[in-house]
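The values are calculated or read from the model by the stated rules, or taken from the named source; none is laboratory data. Quick caveat, the model's predicted, so the values are computed rather than measured. Note that each Cβ is placed from the backbone with ideal geometry, even for glycine, and that neighbours are counted across all protein chains shown. The protein model used for the area step is the full one, side chains on, heavy atoms only, and it has no ligands, DNA or RNA in it. Shrake-Rupley method; radii C 1.70, N 1.55, O 1.52, S 1.80 Å.
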Amino acid sequence: FSASLCEDSFDAVWIQWVIIYCSDDELINFLRESAKCLKPNGHIFLKDNILEQKDAEPIFDEMDRSVTRSREHLLKIFESSGLVVIEEVRQKNMPRYLFPIVTFVLKPVDQ
């Protein structure tokens, strides 16, 4: 999408179970473009599955062509995107056999 169409338009951008279909480079670009759509003091909410093991290599699922990343891997992507985490919430009461689900609240570094 083109951020030039939405520059300074939104208080929040909600991203849920989308990033699993992006390469790291695509995700960095997507987050940068999403940040351009934010009004001053706006936030990006990103909710997705994460790997629990620290510094785990991403897991690629051949069946649905998705990738699951570790928290640390995502933090590096956020940094490369010019974003900082201001809050992080783990979803409670999930079955143990599923990946943990975390919502990150992000804002541009320059805000």
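Pull up the stretch 79-111, narrow it to residues that are in contact (Cβ under 8 Å) with a residue 12 or more places away in the chain and among the polar types (S, T, N, Q), then point me to the one that is farthest from Val18 (Cα to Cα). Within the stretch 79-111, the match that is farthest from Val18 (Cα to Cα) is Gln111.
Among the residues making up the stretch 84-107, those that are open to solvent by 80 Å² or more (accessible area, probe 1.4 Å) and touching a strand residue (DSSP E or B) at 6+ places or on another chain (Cβ under 6 Å) are Ile86, Glu87, Arg90, Phe99. I'd like to check something: does the stretch 61-81 contain any residue that is loosely packed, with under 12 Cβ neighbours inside 10 Å, farther than 18 Å from Phe10 by Cα and hydrophobic (A, V, I, L, M, F, W, C)? Yes, the stretch 61-81 has at least one match.
Residues satisfying the criterion are absent from the stretch 37-47 (criterion: open to solvent by 20 Å² or more (accessible area, probe 1.4 Å) and part of a loop (DSSP other than H, G, I, E, B)). Within the span defined as the stretch 15-32, one or more residues are in a strand (DSSP E or B), in contact (Cβ under 8 Å) with a residue 12 or more places away in the chain, under 21 Å from Lys107 (Cβ atoms) and open to solvent by less than 20 Å² (accessible area, probe 1.4 Å). The conditions of being within 11 Å of the chain's Cα centre (by Cα) and either outside any loop (DSSP other than H, G, I, E, B) or among the hydroxyl-bearing types (Ser, Thr, Tyr) (or both) are not met by Val89.
Would you call Phe60 under 17 Å from Glu26 (Cβ atoms) and in a helix (DSSP H, G or I)? So Phe60 does not fit the description; no.
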